[in-house]
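Right, one structure below, let's go through it.
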Amino acid sequence: MRALSGIQPTGRFHWGNYFGAIRQYIELQDKADESFYFIANLHALTTVRDPAVLRQNTLDAAIDLLALGLDPGKATLFVQSDVPEVSELCWLLTTVTNMGLLERCHAYKDKKAKGLTADMGLFAYPVLMAADIIIYDSDVVPVGEDQNQHIEVARDLAGSFNHLFGETFVLPKAYILSDSAKVAGTDGEKMSKSYGNTIELFEPVKDVKKKVMRIQTDSRPVEESKDPDTDHLFQLYSLFATPEQTQVMAETYRKGGFGYGMVKKELAELAEQFFAEARERRAALESQPEHVRKILAAGAAKARKKASEVLLRAQTACGIR
């Protein structure tokens, strides 16, 4: 089984990125026969227009992933733009893509519904994503339930190409990540950079504590019983706590007689402990940028070898080779 996933370098990773996706990527590297993980800087061009920022974000993303446990000995880590074959396959897929399919895709529809201008990059984004997936003969792609449409588009385009030119591409399957959309932000909504409610993985500890203490809560009296199942602060706490700690905190919620400040303080302490080792690894990696770049270059060489095989197959099938 070959697994593949990509993550955009549009800003520093936060708790939602880790618990919603990155943690499962790292777990999957031990389950899959082969794993490809890329930093999707071509996709990021639809939102990041400062070249210096994009370059730094890309390096930071690689450092973060390695610090969090992605092992280049088990998984292939590379930068999307270092595999130019993807862009050529994207064009081949574009020639078999129905415009109606792209018009129904969420990102484009949502922007149009808000009356915002959508550029061609956003419109054709699903085709590039399909090329990312198909070009490595990916069997499974870990995604959240809200991202399953991307896999369906990839399957549709691969199927259309296969129908026209003969069996060429592997049809990928979605590997649905558990709890991928359930990490609450500081305001109780889904944690997202676009909402401004994130807590970053590696920002200074004192800043993390400040953000945790500002998490919005309801105004119920201290003595009143509270429902842990519907409380986003408790949900955040349970991400870091052991099962035993979670059970004790749930019982505390139901009994009442506590203030949310106590929960926030414990959450901040647990989060600091949880990421302590990764924070140390990150500091070491940040001081060795050339080492990180060598890892990315080695990953790109391996990825290009596979991508070249699949692209040649597609070129031959459609008659341009």
- [ ] Please express the Cα-Cα pair-distance distribution P(r) of segment 17-129 as a list of whole percents, one per 10 Å bin, running from 0 to the bin with the greatest distance.
- [x] 12, 34, 36, 17, 1
Task: Whole-Å semi-axes of segment 191-320's equivalent ellipsoid (Cα gyration tensor) - done: 45, 20, 14
Task: trypsin sites (Lys or Arg not before Pro) restricted to segment 159-236 and DSSP loop, no more than 15 other C-beta within 10 Å - done: Lys182, Arg214
TODO: Report the calculated FRET efficiency for Arg55 and Arg321 (r = Cβ-Cβ distance, R0 = 30 Å), to the nearest 0.05.
DONE: 0.35
TODO: Just reorder Met129, Met191, Met120 by solvent-accessible area, largest first, 1.4 Å probe, all chains present.
DONE: Met120, Met129, Met191
TODO: First compute the accessible area of segment 166-321 with a 1.4 Å probe, then give the percent of it belonging to carbon and sulfur atoms.
DONE: 51
Open item on the list: Show me the ranking of peptides 230-236, 286-292 by mean Cβ neighbours inside 10 Å, starting with the highest.
Closed with: 230-236, 286-292
- [ ] Please identify which residues in segment 46-65 have an amide N closer than 20 Å to a label point set 7 Å out from the Cα of Ser192, following the Cα→Cβ vector.
- [x] 46-49
Open item on the list: For Thr316, what accessible surface area do you get with a 1.4 Å probe? Give it in Å², rounded to 10.
Closed with: 80
- [ ] State the answer as a single residue: which of Gln29, Ala301, Leu270 lies farthest towards the positive end of the charge dipole of the chain, with beta carbon charges of +1 for Lys and Arg and -1 for Asp and Glu, about the Cα centre.
- [x] Ala301
Task: Mean projection area, nm², convex hull over Cα of segment 22-68 - done: 3.7
Task: Cα-Cα pairs of segment 56-109 separated by more than 15 Å (percent) - done: 67
Open item on the list: If I stretch the segment between Ala276 and Thr95 completely, what's the gain in nm (0.36 nm per residue apart, minus their alpha carbon distance), one decimal?
Closed with: 60.3 nm
Task: Kirkwood Rh in Å, taken over all unlike Cα pairs in segment 82-138 - done: 12.0
Task: Inter-site label distance for Leu171 and Arg254 at 7 Å from Cα along Cβ, in nm - done: 4.7
Open item on the list: Give me Rg/Rg_expected for the chain, where Rg uses Cα atoms only and Rg_expected = 2.2 N^0.38 Å with N residues.
Closed with: 1.09
Task: Inter-label distance for His291 and Thr47, nm, one decimal - labels placed 7 Å from Cα along Cα-to-Cβ - done: 3.1
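To the nearest whole percent, what portion of all C-alpha pairs in segment 110-201 is separated by more than 22 angstrom? Intermediate results must be reported in sequence, preceding the final value.
Working: 1925 of 4186 pairs.
That fraction is 46 percent.
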TODO: Would you please give the FRET efficiency between Asp119 and Asp33, computed as 1/(1 + (r/R0)^6) with r the Cβ-Cβ distance and R0 = 45 Å, to the nearest 0.05?
DONE: 0.75
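The values are calculated or read from the model by the stated rules, or taken from the named source; none is laboratory data. Please read these numbers as outputs of a predicted model, since none were measured by experiment. With ideal geometry, Cβ positions are generated from the backbone for all residues, glycine too; neighbour counts draw on all protein chains shown. Note: accessible area is taken over every heavy atom of the protein model, side chains too, but ligands, DNA and RNA are not part of it. Shrake-Rupley method; radii C 1.70, N 1.55, O 1.52, S 1.80 Å.
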